[in-house]
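For reference, the structure discussed in these notes is given below.
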Amino acid sequence: MPVTENLLKINSTIPDNVQLVAVTKTISPETIMKAYDAGHRVFGESKAQELVPKYDSLPSDIQWHMVGHLQSNKVKYIAPFVSLIHSVDSLKLLKTINKEGKKNDRTIPCLLQLHIAEESTKYGLSFDECCELLESEPFRQMTHVSVNGLMAMATFTENQETIRKEFRFLKQSFDIIRERYFQNNENFREISMGMSNDYEIGIEEGSTMVRIGSALFNE
Ligand SMILES: *Cc1c(COP(=O)(O)O)cnc(C)c1O
């Protein structure tokens, strides 16, 4: 189906409190503009080197999210404009984001990525590593990052119960972490879980952001 129809269909299945991040990796500016012209404004990329040229060439009222693995040495290219980094998976990376936020005189919104999948190849912190990061002195000293929630990717599988179990674990981790570290911080409220194949399960399990590429852009 054309992009505009896909967008309508997906939007009609997503509740108002869940944000759709349209993931544009490998998608041309022309195709992205179809979603833009239909009113969509929140887009995500998985590589910094694709995000920057798209930011430069597409309308300036787009909110760009970084959803893929981010290397510390690439942070400086996206720090001036990125709306949300979903994929913070180390203290080192968060330190760099804080430093670049300072340089750009802005606070950069971030999510911490947890590893919830069976596959060992997916990035992310364990629950314990996440707590360790949040308790660390360097994190407490950071002034130019805002940790707004958690993100994770489920195992790539047909088995819906595996996916559901993993998403449920992310939601439980979110609840514990909010209770322990963010009781007086209303910014900590996002759970980024769900992609084309599993976003409906994500929403059922408490997602507030779904990152959808192929289901939207494959015409
Ligand atoms: C590619 C990608 C998506 C979107 O995947 P689809 O299956 O095309 O919807 C979401 N999140 C991340 C981190 C991605 O790299």
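The numbers here are math on the coordinates, done by the rules we state, and not lab data. Treat the numbers as computed from the prediction; the structure is a model and nothing was measured. So basically every Cβ, Gly included, is an ideal-geometry build from the backbone, and we count neighbours across all protein chains shown.
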Checklist line | Long-range HN-HN contacts of S87 with modeled amide H, under 5 Å | finding: L111
Check: Considering the chain as a Gaussian network with a 10 Å cut-off on Cα pairs, which listed residue, S120, S146, S46, attains the greatest mean-square fluctuation?
Finding: S120
Next item on the list: Mind giving me the FRET efficiency for E200 and L8? R0 is 22 Å, r the Cβ-Cβ distance, nearest 0.05 is fine.
Entry: 0.85
Check: Considering amide H positions built from the backbone, and no H for Pro or chain starts, which residues 5 or more places from I108, or on another chain, come under 5 Å of its amide H?
Finding: V145, S146
Next item on the list: Could you size up the charge dipole of the chain around its Cα centre, putting +1 on the beta carbon of Lys and Arg and -1 on that of Asp and Glu, and report it in debye to the nearest 20?
Entry: 740 debye
Check: Using 7 Å Cα-to-Cβ label points, what is the S72/N218 separation (nm, one decimal)?
Finding: 3.7 nm
Next item on the list: Starting at the first residue of segment 16-23, write each ³J(HN,Hα) from the Karplus equation 6.51 cos²θ - 1.76 cosθ + 1.60 with θ = phi - 60°, in whole Hz, x for Gly and Pro.
Entry: 4, 7, 10, 8, 8, 9, 7, 8
Next item on the list: Apply the Karplus parameterisation 6.51 cos²θ - 1.76 cosθ + 1.60, with θ equal to phi minus 60°, to every residue of segment 157-167 and state each ³J(HN,Hα) to the nearest whole Hz, in sequence, with x for glycine and proline.
Entry: 8, 7, 6, 4, 5, 4, 4, 4, 4, 5, 5
Check: Along segment 144-153, what does the Karplus equation 6.51 cos²θ - 1.76 cosθ + 1.60 (θ = phi - 60°) give for ³J(HN,Hα), rounded to whole Hz, x for Gly and Pro?
Finding: 10, 10, 10, 7, 9, x, 10, 9, 7, 10
Check: Using a Gaussian network for the chain with springs between C-alpha atoms less than 10 Å apart, which of these wobbles most: D61, D198, D89?
Finding: D61
